[in-house]
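Okay, so here's the structure we're looking at.
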Amino acid sequence: MIILIDSGILGQLCRPNLNPETLDLKRWFDRVLIRTNVVSSKICDYEVRRGLLLAQKQGLVADGLSILDDLDRLIDFLYLEDRILDLAADIWARARASGQPTAGDLKLDADMIICATWQDLASRYPGQEVVIVTTNVRHLSRFANAVVWQDLSV
């Protein structure tokens, strides 16, 4: 199994405050690291990192940056290659043409890049189940196998 974590999950994993839900997520993450191949996209790193850097520049606690850097040593962050961006553009256009946009017309729409990454992984590893673990099942599940982490037992 290949688990692709999105920005929402990555951001939660970078929280230094261990509320009960974050603690449960971190325990789940530790289990899946042992049993599966966990990856994310560099676009997810970008989305989380920019928020953490902004918090740091505003004088807020930004311990999450060191957590994000540590995660970079634990999981593979997949770079945005041309084939991923081309596929994302196609998914974006199909969503718009069918009247199902997931973001405003002028937005980058990282969800489509995440879906394209999922589709690319699924096509390159046909014997593997590939699933996106997300906080945004509604948008992503239209184009990919996407679940909330609580629904994925490994």
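Each reported figure results from applying straightforward, stated rules to the coordinates on display, with no laboratory input. Just so you know, these numbers come straight off a predicted model, no measurement behind them. Heads up, the Cβs are rebuilt from the backbone with ideal geometry, glycines too, and the neighbour counts pull from every protein chain shown.
With the crude spin-label approximation of a point 7 Å out along Cα→Cβ, what separation in nm comes out for residue 69 versus residue 153?
Inter-label distance under the simple model: 3.9 nm.
When 131, 39 are ordered from fewest to most other Cβ atoms inside 10 Å of their Cβ, what list results? Write down the numbers at each step before the final one.
Details: 131 22, 39 17.
Final ranking by Cβ density, sparse to dense: 39, 131.
Using alpha-carbon positions, what is the distance between the centroids of the range 68-101 and the range 19-40, in Å?
Rounded to whole Å, the Cα centres lie 22 Å apart.
If each DSSP helix of 4+ residues adds -39,500 (n - 2.57) and the sum is divided by the residues in the chain, what number results at 222 nm, nearest 500 deg cm²/dmol?
It lands at -17000 deg cm²/dmol.
Relative contact order, percent, of the range 2-151 when contacts are C-alpha pairs under 8 Å separated by at least 6 residues?
Result for the range 2-151 is 30 percent.
With a cut-off of 8 Å between alpha carbons and a minimum separation of six or more residues, what is the relative contact order of the range 62-154 in percent? Don't skip to the end; give the middle numbers.
On the way: 65 pairs, mean separation 18.5, N = 93.
So the answer I get is 20 percent.
Counting every Cα pair in the range 64-154, what percent are over 20 Å apart?
Tail of the P(r) past 20 Å holds 43 percent of the pairs.
Relative to the longest principal Cα axis of the chain, at what angle does helix 42-57 sit, 0 to 90 degrees, rounded to 10?
40
For q values of 0.11 Å⁻¹, compute log₁₀ I(q)/I(0) with the Debye formula on a Cα-only model of the chain, without solvent.
Relative scattering, expressed as log10 I(q)/I(0), comes to -0.43.
Considering the chain as a Gaussian network with a 10 Å cut-off on Cα pairs, which listed residue, 13, 65, 23, attains the greatest mean-square fluctuation?
Comparing 13, 65, 23 in a Gaussian network model of the chain, the most mobile one is 23.
If I fit a long axis through the Cα atoms of helix 20-35 and take the longest principal axis of the Cα atoms of the chain, what angle between them do I get, 0 to 90°, rounded to 10?
It works out to around 70 degrees.
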